[in-house]
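The values are calculated or read from the model by the stated rules, or taken from the named source; none is laboratory data. Predicted model only: the values in this text are computed from it and were never measured. Neighbour counts are summed over all protein chains in view; Cβ atoms, including those assigned to glycine, are modelled from backbone coordinates with ideal geometry.
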Amino acid sequence: MKAVNNLADELSEADLAVFGVEDRDDMAAASVSSIGYSLEALPDRSTFLDEAARHVAHARRSKHPLCFALVAFDHGTDGDGEKGHMAEEAFLGEATARWREVLRAEDLMGRWGEDEFAIVLVNCTTVSAVQLCWRLRESTPEGHSFSAGLVSFEGTETIDDLVDRADDCLVQAKAKGRDRTVAEGLVDLD
């Protein structure tokens, strides 16, 4: 907590606004693990695609492996209206915060849709990406599951090509009963 207080003393008002903190005293109440990992801090689809395109271009130049995943929760939270929406957003915030602890710093995660997320895994083979999906599944709040479509960059595709292929795998995962990862080129993984 001392580190958080020291950080609050060193940040300008504009810096605090980036963290969503309106008052320096509120900074002390925030946990270090929550800074930068809120649902609202995730890039939206457009911003994610711009950054993902840079990762793909780097993988093409460096010839490093890269995987791309589309992840969709299988069932929403119970409830309708504003209260149901708030519960859904709270759940998604908790889930993505837990996932951020599993993902590496160089990995990119963004909000793809209402309950869908896209993830770029840099310097990651398909087998390692499947294992990472299992770790994400294990860290997902109890009582919830997701389906994932996973593809590997083959050296020439654009981010749009990866999205299309991953979406096909995600559709297969949902059709095969959900709560599973379908990785292109690998046997069915449930």
Taking interchain pairs and intrachain pairs at least six residues apart, which have beta carbon atoms under 6 angstrom, with the first residue in region 44-57 and over 12 Å from Val120 (Cβ atoms) and the second surrounded by 16 or more Cβ atoms within 10 Å (Cβ to Cβ)?
Asp44/Arg111; Arg45/Trp112
Kindly evaluate Glu114 against the criterion of being within 20 Å of Thr96 (Cβ to Cβ), in a helix (DSSP H, G or I), assigned by TED's automatic domain parsing to the domain that holds Ala90 and touching a helix residue (DSSP H, G or I) at 6+ places or on another chain (Cβ under 9 Å).
no
Which of the residues spanning region 170-183 are in contact with a strand residue (DSSP E or B) (Cβ under 6 Å, 6 or more places away or on another chain), assigned to a helix (DSSP H, G or I) and surrounded by fewer than 21 Cβ atoms within 10 Å (Cβ to Cβ)?
Gln172, Lys174
Being of a type in the set (Lys, Arg) and at pLDDT below 95 is the requirement here; does Lys83 meet it?
yes
Output yes when any residue across region 154-162 is touching a Gly at 6+ places or on another chain (Cβ under 8 Å), over 18 Å from Thr96 (Cβ atoms) and among the polar types (S, T, N, Q), and no when none is.
no
Using the structure shown, decide if Val127 is within 23 Å of His58 (Cα to Cα), out of contact with any strand residue (DSSP E or B) (no Cβ under 7 Å at 6 or more places or on another chain) and either of a type in the set (A, V, I, L, M) or not assigned by TED's automatic domain parsing to the domain that holds Lys63 (or both).
yes
Matching option when the condition is among the β-branched types (Val, Ile, Thr), modelled with pLDDT of 95 or more, surrounded by 14 or more Cβ atoms within 10 Å (Cβ to Cβ) and assigned to a helix (DSSP H, G or I), among Val71, Val151, Val120, Val163:
Val163
Can you tell me which residue among Glu138, Glu101, Glu157 is in a helix (DSSP H, G or I), among the charged types (D, E, K, R) and touching a residue at least 40 places away in the same chain (Cβ under 8 Å)?
Glu101
